[in-house]
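Before any comments, here is the structure.
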There are 2 protein chains.
Amino acid sequence: MTPLRFQLKAGEPIIDQVIFAAKKAFISGELLPGEPFPSVRALASDLKIHPNTAHKAIQYLIQDRWLEVRQGIGTVVARRPEPRRGDRKRLLQQEVEHIVVEAIRVELKLPELLEAIEEQWAKIEKPQEAALG
Amino acid sequence: MTPLRFQLKAGEPIIDQVIFAAKKAFISGELLPGEPFPSVRALASDLKIHPNTAHKAIQYLIQDRWLEVRQGIGTVVARRPEPRRGDRKRLLQQEVEHIVVEAIRVELKLPELLEAIEEQWAKIEKPQEAALG
DNA sequence: AGAGGTGTCACATGGATAATGTGACAGATG
DNA sequence: CATCTGTCACATTATCCATGTGACACCTCT
């Protein structure tokens, strides 16, 4: 069984969905450092995608330092990678600007957006603390 | 001169950048309902992009009900369009989840993210009130 | 009526990316 | 040695992005 459990949606690239699901699993503590990550072929089989697609997703996660390779063994979850220079700035500027524009577009109020973020944050952070504790 | 003033960045589709810049201008009050929107050819010329690309962006904004067509005349800014069913839900779930994951990824703290959003919100909303008043 | 602006449409090309298909190789484990 | 692992090198198909080119109907102004 795959530690990655999610539904593939049409319209968004499979590889992006896999990468995001993995990041979410790392951050929420579903996959802890040292634990094995599904192999290329296992991931492809479980999600019913092509091994090459699975391989590319795993390659991305390795480049992003979420995973480490044990040659001939497989990949394991690494310690949470340090953010690269510029990552924080890009998030705080472009992504925040984007979500604010979209929120105003759908006639959301500021408190509603803030509350939604707090909720989501708690939902993701709490399981991690439980897993670490 | 184009009421849309922004720098095209490499790496992101031009059409997406144009659409976002337009949305931001509408929401911030830089472009008010009734005002003319740049023509396909003027927009293409000013931004130094292909007329077809400009046309596609404008088509999207029309479908999204940001713009209205005056046949033979041009397009004008419409009243802020009502959000479609599902827009709010998608933002509150997927987009919020995405930005929260990315924020934790770059080791941001919750208050920092919330503050950045409040700042950005004020930056976009305030000019609009001034323009309307 | 004519010129020149507007949106619109129908083709086309080249390039990049996504996803799949197929086959092969080296390293580690049992 | 069999079987798992990651890795690599090709390939095809489809989609999207951006551009190129030409044309048409509508409206306004002179």
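Summed over segment A:86-106, residues that are small (Gly, Ala, Ser) and either part of a strand (DSSP E or B) or within 20 Å of the chain's Cα centre (by Cα) (or both) total 1. Just one of the listed residues (B:Glu102, B:Glu112) is surrounded by fewer than 19 Cβ atoms within 10 Å (Cβ to Cβ), closer than 28 Å to A:Gly86 by Cα and either free of Cβ contacts under 8 Å to residues at least 12 places away in the same chain or facing chain A (nearest Cβ under 8 Å) (or both), and it is B:Glu112. Filtering segment A:18-60 to residues that are in contact with a strand residue (DSSP E or B) (Cβ under 6 Å, 6 or more places away or on another chain) and hydroxyl-bearing (Ser, Thr, Tyr) leaves only A:Ser39. There is no residue in segment B:78-85 that is part of a strand (DSSP E or B), of a type in the set (Gly, Ala, Ser) and modelled with pLDDT of 95 or more.
Within segment B:14-43, the set of residues being over 25 Å from B:Trp121 (Cβ atoms) and more than 9 Å from DNA strand C (Cβ to nearest atom) comprises B:Ile14, B:Ile15, B:Gly34.
Considering segment A:45-68, the residues that are assigned to a helix (DSSP H, G or I) and buried (at least 19 other Cβ atoms within 10 Å of the Cβ) include one that is farthest from DNA strand C (Cβ to nearest atom), namely A:Leu61. Name, by its number, the condition in (1) touching a helix residue (DSSP H, G or I) at 6+ places or on another chain (Cβ under 8 Å); (2) free of Cβ contacts under 8 Å to residues at least 40 places away in the same chain that does not hold for A:Ser39. Every condition holds for A:Ser39 apart from (1).
Among the residues of segment A:42-71, those identified as more than 9 Å from DNA strand D (Cβ to nearest atom), within 14 Å of A:Asp16 (Cβ to Cβ) and not β-branched (Val, Ile, Thr) are A:Leu47, A:Lys56, A:Ala57, A:Tyr60, A:Leu61, A:Asp64.
The values are calculated or read from the model by the stated rules, or taken from the named source; none is laboratory data. Just so it is clear, the model here is predicted, and its values are computed rather than measured. Note that we place each Cβ from the backbone using ideal geometry, even for glycine, and neighbour counts take in every protein chain shown.
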